[in-house]
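Scroll down for the structure; my scribbles are underneath it.
The values are calculated or read from the model by the stated rules, or taken from the named source; none is laboratory data. The model shown is predicted, which means the values in this text are computed figures rather than measured ones. A quick note on method: Cβ atoms are made from the backbone with ideal geometry, for glycine too, and the neighbour counts reach across all protein chains shown. Side chains are part of the model used for accessible areas, which takes the heavy atoms of the whole protein and leaves out ligands, DNA and RNA. Shrake-Rupley method; radii C 1.70, N 1.55, O 1.52, S 1.80 Å.
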Amino acid sequence: MTSSEAVGSGPTPITSSSDAGRVLVRDLARYDGREVTLQGWILTRRDLGGVRFLVLRDRSGVAQVVLSGIEVPLHESAVRVTGTVVAHAKAPGGYEVRASALETVSEATAPPPVELSKEDRTANPDTLLAYRHVTVRSPRTRAVLKVQAELVRAFRAFLDARDFTEVYTPKLVSAGAEGGANLFEVDYYGKRAYLAQSPQLYKQIMVGVFERVYETAPVYRAEKSHTSRHLAEYLSLDVELGFIESEAEVMDLEEALLRSMFASVRERCGAELAALGAAVPALDAPVPRLPLLEARALVAERYGHVSGGKDLDPEAERLLGRWALEEHGSDLVFVTRFPQAARPFYTYPEADGLTRGFDLLFRGVEITSGGQRVHREEVLVEELVKRGMEPADFADYLQVFRHGMPPHGGFAIGAERLTALLLGITNVRFARAFPRDEQRLRP
Ligand code: AMO
């Protein structure tokens with residue numbers, strides 16, 4: 001990103017007291033012609049006939065520093081540079097610093113395993129992940145994680161403004177809410193426990209407290225398939241709200257939420273988007289909503305693809321995404337009315353064998369499941385039994401439905417999928433700082 005603007009383009013935050021006397025890279029223009037002290041890391045160094053050019057990275061961006069006759073330590077050394085700010089059209093941000101002194105704050109004793117400024121062009125993905133503790137500092141990865149942080153911040157801000165309360169539910173649990181074989185088992189004081197696959201049952205219980213809740217927390221799936229969209233640990237952005245009439249309200253809420261999250265990223269992450277060459281969808285048009293059976297028929301008729309399984313397979317999702325864009329100018333499409341066999345036990349069943357469960361596809365990949373939930377105990381027991389699950393394993397959860405649970409519903413967004421699809425990253429691993437999968441437990 002050597003030619004881009006300062007990395008952080010959001011509102012200028014209050015400078016902390018520890019910054020006293022130090023100027024941030026993004027503020028250089030304000031100090032034109034004056035002497036400043038910068039602190040940061042050496043991203044790149046170049047030598048041109050005795051004159052050294054550094055690109056210095058701090059929390060706000062990158063700046064070019066010119067030094068002559070001054071020794072420069074290895075890449076990623078933490079340094080303090082003092083010098084004069086000079087306008088320079090070709091430098092990032094339009095200014096450079098002509099240094100009079102460089103002090104090494106913490107010297108790098110080894111060079112980074114890959115050249116961080118060229119991560120996207122040169123490095124092998126496995127190497128990048130193997131050395132993630134250092135490669136996570138690259139301008140590219142930093143931009144991805146910054147956008148993700150903004151998405152999550154905007155998620156909270158939107159929901160806070162609508163009277164939602166943030167909740168914190170256990171990640172060590174006695175039973176899996178989502179079914180399937182992807183539960184991680186944990187030895188819990190000699191007893192068997194599991195890592196939570198989702199906060200599903202607890203967020204529903206918390207509707208009885210606050211009516212409207214959300215959670216942003218990691219969840220765990222022992223995924224066996226090695227795909228570009230599955231992690232063993234991912235950040236689940238969960239929402240649940242009470243006193244709804246149907247799942248349509250839940251979809252309305254998610255549509256407005258995503259519009260707001262995308263608008264925040266567009267407004268506050270301009271430099272990151274430019275550096276990544278990413279475009280945020282406009283979302284002017286309403287998001288199309290299509291029942292699953294119609295979606296399958298449409299994909300078969302229009303594109304000749306017959307989706308396998310009770311769900312939509314990834315190719316059918318991709319084609320449906322294409323249809324949404326071609327016919328509705330939308331990067332998003334809701335798939336609704338999933339059959340009971342394709343949904344977890346807590347999904348509100350309809351008499352026709354379908355449900356009030358939905359998925360949301362973004363650019364042809366599922367980023368959300370959601371729906372209206374069952375709020376009657378006897379129906380929940382029936383649905384558990386139908387799926388060969390043991391109601392006794394869910395005894396505490398089931399009891400809550402004896403205590404006045406209103407009709408409710410919600411959804412969960414996979415934060416890494418959302419980030420990756422928004423930024424054009426093809427593997428969800430690169431949308432998490434330290435991804436976990438079958439092959440990776442470190443760094
Ligand atoms: P679901 O199991 O569909 O639904 O998960 C919701 C969303 O989480 C993301 N996701 C994943 N991301 C990365 N790696 C994985 N292994 C992975 N698995 C899922 C996807 C998916 O759409 N309790 C329900 C949600 C609800 O109804 O509120 C649930 O967990 O983006």
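May I ask you to say which residue of Val250, Val167 is open to solvent by less than 20 Å² (accessible area, probe 1.4 Å) and within 13 Å of the ligand (Cβ to nearest atom)?
On inspection, the qualifying residue turns out to be Val250.
Of the residues that make up region 369-380, is at least one open to solvent by 10 Å² or more (accessible area, probe 1.4 Å), part of a loop (DSSP other than H, G, I, E, B), within 16 Å of the ligand (Cβ to nearest atom) and in contact with a strand residue (DSSP E or B) (Cβ under 9 Å, 6 or more places away or on another chain)? Checked region 369-380: at least one residue is open to solvent by 10 Å² or more (accessible area, probe 1.4 Å), part of a loop (DSSP other than H, G, I, E, B), within 16 Å of the ligand (Cβ to nearest atom) and in contact with a strand residue (DSSP E or B) (Cβ under 9 Å, 6 or more places away or on another chain). Here Ala420 fulfils each of the conditions (1) more than 24 Å from the chain's Cα centre (by Cα); (2) more than 22 Å from Val250 (Cβ to Cβ); (3) part of a helix (DSSP H, G or I) apart from (1).
Looking across Phe358, Phe345, Phe362, Phe338, one residue alone is in contact (Cβ under 8 Å) with a residue 24 or more places away in the chain, touching a Lys or Arg at 6+ places or on another chain (Cβ under 6 Å) and within 16 Å of the ligand (Cβ to nearest atom). It is Phe345.
Residues of region 383-417 that are in a loop (DSSP other than H, G, I, E, B) and either within 16 Å of the ligand (Cβ to nearest atom) or polar (S, T, N, Q) (or both): Arg387, Met389, Met405, Pro407.
Sort through Arg302, Arg259, Arg296 and tell me the only one that's closer than 30 Å to Arg156 by Cβ and open to solvent by 40 Å² or more (accessible area, probe 1.4 Å). So the residue among Arg302, Arg259, Arg296 that is closer than 30 Å to Arg156 by Cβ and open to solvent by 40 Å² or more (accessible area, probe 1.4 Å) is Arg259.
In this entry, Ser236 passes the filter for residues that are in contact (Cβ under 8 Å) with a residue 12 or more places away in the chain, under 24 Å from the mean Cα position of the chain (by Cα), near the ligand (Cβ under 7 Å from one of its atoms) and assigned to a strand (DSSP E or B).
Quick check on Arg440: is it open to solvent by less than 60 Å² (accessible area, probe 1.4 Å), under 24 Å from Leu237 (Cα atoms) and not assigned by TED's automatic domain parsing to the domain that holds Val207? Against the criterion (open to solvent by less than 60 Å² (accessible area, probe 1.4 Å), under 24 Å from Leu237 (Cα atoms) and not assigned by TED's automatic domain parsing to the domain that holds Val207), Arg440 qualifies.
Residues in region 54-70 that are among the small types (Gly, Ala, Ser) and surrounded by fewer than 19 Cβ atoms within 10 Å (Cβ to Cβ): Ser68, Gly69.
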